[in-house]
Structures are given as structure tokens and as C-alpha cells.
Amino acid sequence: MLSIVNSTAMNGLEGHLVRVEVDVSNGLPAFDLVGLPDVSVREARERVRSAIRNAGFEFPVKRITVNLAPADIRKEGSMYDLAIAVGILAATEQLDPVACGRYAFIGELSLNGGVRGVAGVLPNVLAAYDNGIGSVVVPRDNADEAALAGRAGVFPVSSLNQLAGFLRGETEIPPHRVDLETIRKQEDSQIPDLSAVRGQHSARRALEVAAAGGHNMIMVGSPGSGKTLLARCLAGILPEMAPEESMETTKIYSLAGLLRPGLPVVTRRPFRAPHHSASAVSLVGGGKFPRPGEVSLAHNGVIFLDEMPEFGRDCLEALRQPLEDGLVNISRVNASITYPARITLVGACNPCPCGYYGDPVKPCVCTPVQIKRYLGKISGPILDRIDIFVNVPRLSYEELNDERPAEPSAAARERVTRSRHIQRDRFLGSGIMCNAHMTGAQAREYCRLSAEAASLLKSSFKKFRLSARSHDKLLKVARTVADLAGSERVEADHLAEALQYRRPDYDPAAYR
């Protein structure tokens, strides 16, 4: 007898409906699984056989053929166990095939018939709904995550027996709901407060401008000057994520299996800080069967590259596309996948290999050639995608022991949020979230300069030999400074501040 039940498959963040077709016929006992399954899916045969028997059902001693259609989409993971088991039970008339066909099934089976949680439940539930399946059966461990879809009927189960009772109408399982507000309150923030930063007033201001406009930035300073602390504070002054941003980021973390237990939704902007020994694949994503990398896990948040020149050149060059387009295209023999990667990049580096060029206390032991070679590890095309460059000098004893309370993150976040609201209204309907995402044409349209500011821009263009991209970048940063000041026009002082953040030349003296 033939039965057909529903499941789903993911190609990146794009979901597809999978028809699990099960045929049980007379013949020599066999269990064949076809439809482009990977190794973990093929191993489902042994898990399903043991789970059905240990749950008290009859496993047919016949020829079983399971087809995962469409057969041109690769199926990965253990999430098809539950659908295959239900299909076999329906094909042997131990369950009603009509009742089974109303649901999509996602879950891994243990050998005793229990249902275990799997990764990627949220995007799979959304894929089921988008393909016309309004009810989804998921593992109880993934119930809160699945319920974030909101529009689908989510029915959590903990065992094959419980599911069978539900499909027969003997057991009632109410659709699962989740209270997002309660979950948001449960999340503990590990982000340091900006009040912990002593001195560094220019760097704090640059951090606020970067947060307000979504601008990429690089901090240059000697070891111990506070670059890492400043970068970690950036996530704390960013505005709260909009619901659609939170859902996008949660889908990526769900697919990567990184959602924390008891916290099924990403409510705070992510902060990712990969080590400089990371590979290009771990940074931008990839592998035999592509998975999201660090830049996608930082989507709608911050990625921090400490000791930026120490990263491999292939890693840094791989950042070009996500910094420019806000996405990552991964092309492999098996698949071509696109992941979102709208990020704010923060880099930190020393002014020279020893770290003390221009330091007022420790002398530098590097030669000019060594300094130039060290700074040259970050290529011009990458530097050209950075909006803000800031020097972070060594703190004096007086600054370090200043007892006056510094401004907390909450105050800066309030200004940043107000600025982002201005930008949201300005770009309404354009798909742009902040000033850094403007095109050149939009920068000229929205960055209206006063007569004095226009004169300053003209003289600066000639003096600093700015390129077209640098010109537009300068306008975007100036527009953000004006938004923080609540000004409709970009005034000369706004442009002057933006000029302070421009990219310095490769002259070591520029970092003094």
C-alpha cells in the first residue's frame, strides 16, 4: 500500500515542501530510501525500524521503498525520521493515511520511540506554511521555536505513541503558543556597559556615530588602550531589533543549531568575534553542504575582527561581498545558496607589529618597512568599505582613575534609537534600514548640504583627493552626524566631524 505524508527541506533559508512517499509491498524484506538523501538521512532506516518496534507497533517484514520527493533537492539531517515512521505506519494501516496527510512532520526518533529535537525547526515550519500546510508536528524540545512562526498550528510531541494517539483522536494536543514578551525579559545581557570605558571621548563618539548609521569602523591603538571593550559596548547601544529583523536572525541561528535552551528567539542584536585563525569558510559560510558562517550569524548585528591584520588575506577579501551587498552567495557543486549578512563590521588593530608606534610611553622597535607591510595586510578594497577610522590612544593615569561617572549605554542608545527612527521614516518603503546602506544616488538625494558645507566638501575633495566612493561615504557619515543632532540639513560642522573619520594614508605618522 502507498501512503504520502509531508515534511520540508531547506536550501539555505529557502524552504521546500517534501513529499515522503512510502510504498509497502510483498517481496523480499528490504528498506530502500531514495530521493537524494545524505548519510544521516539514510541512517534513518535503522532508527525508524527500532523506534516503531520499541513503541509497540508492527514493523512490516516486506519490501519498503521510501521516496523523498522532489528527488533533485538534497535532504540533510535526521529531521525526516518522524515523517518516514508515520508514512510506514500509514502504509500498513496502523494509522489513518488521511489524518496523516493533514500535517507536516519534523523530528528525529530515538531507538525507544521518543522524539528528539533537531536544528532548523523555525525555517522549516515557515516553509511548510508557505507551501500550504497549516499544521506541523514538531519535537517538544523545539515547540517554542516552532511557535514563533505564529501563523502555523504547531503540535509538539515527545514520543511516537503520543503522536499515534493524537492522529487517532485518542489524545488531545493543543496548538502550542509562545509569549514573546516573557521570553524577552528572560534574556540576560552579557554586553558591557559604556560607562565602563574610561576616557576615549573621541572613540566613544565614533562608536555612537557608527551605531546610529550602521557604519563600519576600524580602531587603531596600542595594546591595552580599550579597543576590544569599546567594540563590545557597540552592541549595547544599538537600537532594539524590529520583529522582522529578529525573525530573520532567529532563522539563521535555528538553521545553525545555535539557539540557546529556553530562549528560542534572538531578541538582541548579535555580536560575533571570530578568532584571527578562523578560515574563510567559517567566516562567510560554506562547506560541502553550505552552512551559514560568522558574517551571517552576525546578521542585523556586529562582527568584530580583533587584530584584523592577523586574519588571512582570503578571509578579509571574502568580506567584500557581504560588506557591499549585505548577503553571501555560496556556490558549490552540490548547491548554490544565498545567506543574508547585513552587518556592522568593527575592526581593531595595532599601529605597527610591536604595537607601540607613536606610543608616548613605550618606544616602537619596528622599521618603517615593517609598519607599512603590517598595515598593508588589510587591502585597499576592504579599507574602502570602512566608513569610520578612529585612533584609540593609551590612557593616562588620571583618565584611568577618574572617579566621575561616565555616560552609560542607555543614554547613547536613546540618541541612536532616535536617529534610527529618523532614518526609518526617511527610507520608508525603500528596503533601506540606515544611512550606511544608501546608494550613491540616494546619498546625493538625502544628504542636502548647506552652502558652507558644500564649500567645505569641494575644498576637501581636492585637498584629500577623494574618490567617488569616498565622497559618497563622507556624505553618509555626515548625514548620520546631522541625524544625531536632529538637523534636516548637513551643516559644515557635521561634515567636518565626518572628515575626521576619513581613511588615513598609509603613512605611519597618520596613526600618531
Members of segment 324-378 found to be assigned to a loop (DSSP other than H, G, I, E, B), within 30 Å of residue 72 (Cβ to Cβ) and aliphatic (A, V, I, L, M), listed by number: 333, 335, 341
Just wondering, is there one or more residues in segment 36-43 that are more than 24 Å from residue 291 (Cα to Cα) and open to solvent by less than 20 Å² (accessible area, probe 1.4 Å)? no
Quick one: in segment 379-401, which of the residues that are assigned to a helix (DSSP H, G or I) and either free of Cβ contacts under 8 Å to residues at least 12 places away in the same chain or among the charged types (D, E, K, R) (or both) is most open to solvent (accessible area, probe 1.4 Å)? 397
Pick from segment 10-35 the residues that are open to solvent by 50 Å² or more (accessible area, probe 1.4 Å) and over 16 Å from residue 75 (Cα atoms): which of them is modelled with the highest pLDDT? 23
Test of understanding: among 255, 234, 229, which residue is among the hydrophobic types (A, V, I, L, M, F, W, C), over 30 Å from residue 125 (Cα atoms), open to solvent by 10 Å² or more (accessible area, probe 1.4 Å) and in a helix (DSSP H, G or I)? 229
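Okay, residues lined up against (1) outside any loop (DSSP other than H, G, I, E, B); (2) open to solvent by less than 50 Å² (accessible area, probe 1.4 Å):
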residue	(1), (2)
209	yes, yes
212	yes, yes
219	yes, yes
224	no, no
240	no, no
244	yes, no
268	no, no
281	yes, no
Selection from segment 103-137 of residues surrounded by fewer than 24 Cβ atoms within 10 Å (Cβ to Cβ) and small (Gly, Ala, Ser) yields 110, 113, 114, 117, 119, 132, 134, 135
Every residue in segment 266-283 that is over 11 Å from the mean Cα position of the chain (by Cα) and either under 28 Å from residue 74 (Cβ atoms) or of a type in the set (Ser, Thr, Tyr) (or both), please. 267, 274, 277, 278, 279, 280, 281, 282, 283
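The values are calculated or read from the model by the stated rules, or taken from the named source; none is laboratory data. Just so it is clear, the structure is predicted and the values come from calculations on it, not from any experiment. Note that each Cβ is placed from the backbone with ideal geometry, even for glycine, and that neighbours are counted across all protein chains shown. The area values use the complete protein model at the heavy-atom level, side chains included, leaving out ligands, DNA and RNA. Shrake-Rupley method; radii C 1.70, N 1.55, O 1.52, S 1.80 Å.
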